[in-house]
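Visitor: Here's a structure for you.
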Amino acid sequence: MLEHTAPPGKAPLIPPLDTRHQVETPEGIDLPLRPAGLMVRAVAFSIDLGLRAVITGALFIVLAFLGKLGMGLGSLLLFAVSWWYMVLFEVLRQGQSPGKQWMGLRVVHDDGTPVGWSASLLRNLLRFVDLMPFGYFLGAISCLQHPTFKRLGDLAAGTLVIHIERPLTRPQLPEAEPRRSPIPLSLSEQRALLGFAERQAELSPARVNELAALLAQPLHISAPKAVGELNGIARGLLGPT
Amino acid sequence: MKQSLFENRHKAEWERFALALERLERGKDTSQVAAFPKAYRRLCQHLALAQERGYSSFLIDSLQQQVLRGHQQLYRHRSRLGANLLGFILAGFPRLVRQEWRFVLVAALLFFGSLVGFGVLVYVFPELVYNLIPADQVREMQGMYDPVAGHLGRSAERAASEDWVMFGYYIMHNIGIAFQTFASGLLAGLGSAFFLFYNGLMIGAVAGHLTEIGYGQTFWSFVIGHGAFELTAIALAGAAGLKLGWVLIAPGRLTRGEALRQAARQSVLLVCGVMLFLLIAAFIEAYWSSRTAVTPLTKYLVGAALWVAVATYLLFAGRIRHAPE
């Protein structure tokens, strides 16, 4: 779990254990972004590649009937699809090309704002270097060694590919008699207890008992009744509903 | 304050914010925008309070999601593309080119140096062309610029309707080359240097060879017009690429990543100007250079005028600041 209280003095922030990337907003809030890794991005790119192939194929069949006009139009469209497909989708559709949308990804600036024209153009022009010397070799290496999985184009453009946040559903807290904690709890302990109550439905009963038993001794409660007691404390923290 | 009380007290406000957010994200109906920043800052305060009081993960996470979406709406980079574009063409682009004159100079020397060098070399030693370019490509080139054929450009028989076809082809081909030349600059500038040198070599060899076998008139009168824009554009794209490469080698007082981001922001503007140049070049190439009704003399005069125009534009445009910018 992330420590949200300010560290004492000027101690540096402890980097989170997972791949979350913290952005501090002008309002003094830390927003966690979840950068997307190599595999999911590769799949999104393959989807886009397939889609582009289909579009180009369909266009050429249609334009073949138009003769000379079609040929000229065809080269213009081929140019547009090969160099502008990603840029147009990313800028006009909140950072999502169809492949990215399918995989639940989006492109944002480093500060978490939606990607703009110049950054999107840059990251997609520099794709040419990421593709070198064959099949995204440089891009993949850069992506794998970077803490927020940036390929070279992302590094230069200052962009980030992140997972879209899925809407949350309110978890049901188990029924229990609200009670006070026998000892004072720190903030992270409070959140841990609330987390235990909120996530109980996702855990097996054996695991729930095991976790609760760990806390029985420090909280001075009996191990068999620990689950109920902990739920009670969580209810107490939450307040009357 | 207990969490449930906190939630009950602010629930209505959060729901209103979510509605406003959805409207903004869809880009429709922006009547309530004025109240949005204030509502967003309130939400930020609620999130900070929730974190400080150790409320449950569900509440904090959902507030965080709302704040993130609000942040993206409030701080999005809006560009007034139309107004910016005019200012960029009138003053911004030539100013940028002058500001980056070192890279432009190096790129121009590489490109035009290899062009002229190999042109002269092939002119003096005619067999050399077969070492540089495959024989069937040389034959194809000869076919295109054969004075007897009476038509110009990429094919021997060229009707007016084909101008359009070639326009499309030139756009795709030339802008593609410019993009490559720029992007490969990220490889410490080596890629850009290579593409500048290589393209200069190819064009120079073809020019030297065609002049040497006596097709000079058709070739030079064809290329002089659009060359002003096309060749300059390739050199500028190379300059943008070299800039990327150079900051990786010598980032100065910044970290390499930060230096690269700053240089890239400038370079991409250069590339936008390059695209504009290539658009003009493709237009001239398809609709003016290929016309056979015009005498070569007129073409030379117009071509020279275009070169002067490009040089004047890059050297002098935007030196005086005007109010409407």
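The values are calculated or read from the model by the stated rules, or taken from the named source; none is laboratory data. Since we're looking at a predicted model, the values are computed, not measured. Note: ideal-geometry Cβ built from the backbone for every residue, glycine included; neighbour counts use all protein chains shown.
Visitor: Hey, does the stretch B:135-144 have a residue that's crowded, with 20+ Cβ neighbours inside 10 Å and at pLDDT 80 or above?
Guide: Checked against the condition, which is being crowded, with 20+ Cβ neighbours inside 10 Å and at pLDDT 80 or above, the stretch B:135-144 yields no hits at all.
Visitor: A further question follows. Scan the stretch B:228-266 for residues that are over 30 Å from residue B:288 (Cβ atoms) and under 12 Å from the mean Cα position of the chain (by Cα) and jot them down.
Guide: First pass over the stretch B:228-266, keeping only residues over 30 Å from residue B:288 (Cβ atoms): B:242-266.
Scanning the stretch B:228-266 gives B:264, B:265, B:266.
Visitor: Hey, does the stretch A:118-133 have a residue that's over 28 Å from the mean Cα position of the chain (by Cα) and not polar (S, T, N, Q)?
Guide: Narrowing the stretch A:118-133 to residues over 28 Å from the mean Cα position of the chain (by Cα): A:133.
From what is left, the residues that are not polar (S, T, N, Q) are A:133.
Yes: one or more hits.
So that you can scan it fast, the table gives a plain yes or no per residue for (1) facing chain A (nearest Cβ under 8 Å); (2) farther than 19 Å from residue A:162 by Cβ; (3) in contact (Cβ under 8 Å) with a residue 12 or more places away in the chain:
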position	(1), (2), (3)
B:34	no, yes, no
B:46	no, yes, yes
B:54	yes, yes, no
B:64	yes, no, yes
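Let's see how each residue does on (1) touching a residue at least 12 places away in the same chain (Cβ under 8 Å); (2) part of a helix (DSSP H, G or I); (3) closer than 17 Å to residue A:228 by Cβ:
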{"position": "A:155", "(1), (2), (3)": "yes, yes, no"}
{"position": "A:162", "(1), (2), (3)": "yes, no, no"}
{"position": "A:166", "(1), (2), (3)": "yes, no, no"}
{"position": "A:169", "(1), (2), (3)": "no, no, no"}
{"position": "A:176", "(1), (2), (3)": "yes, no, yes"}
{"position": "A:188", "(1), (2), (3)": "yes, yes, no"}
{"position": "A:193", "(1), (2), (3)": "yes, yes, yes"}
{"position": "A:201", "(1), (2), (3)": "yes, yes, yes"}
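Visitor: Going by what's in this entry, would residue B:252 be described as away from chain A (no Cβ under 14 Å), without any contact (Cβ under 8 Å) to a residue 24 or more places away in the chain and more than 17 Å from residue B:187 (Cα to Cα)?
Guide: Working: away from chain A (no Cβ under 14 Å): yes; without any contact (Cβ under 8 Å) to a residue 24 or more places away in the chain: yes; more than 17 Å from residue B:187 (Cα to Cα): yes.
Here the answer is yes, as residue B:252 does meet what is asked.
Visitor: Look at the stretch B:36-53 and say how many of its residues are touching a helix residue (DSSP H, G or I) at 6+ places or on another chain (Cβ under 7 Å) and surrounded by 15 or more Cβ atoms within 10 Å (Cβ to Cβ).
Guide: Of the residues in the stretch B:36-53, 9 are touching a helix residue (DSSP H, G or I) at 6+ places or on another chain (Cβ under 7 Å) and surrounded by 15 or more Cβ atoms within 10 Å (Cβ to Cβ).
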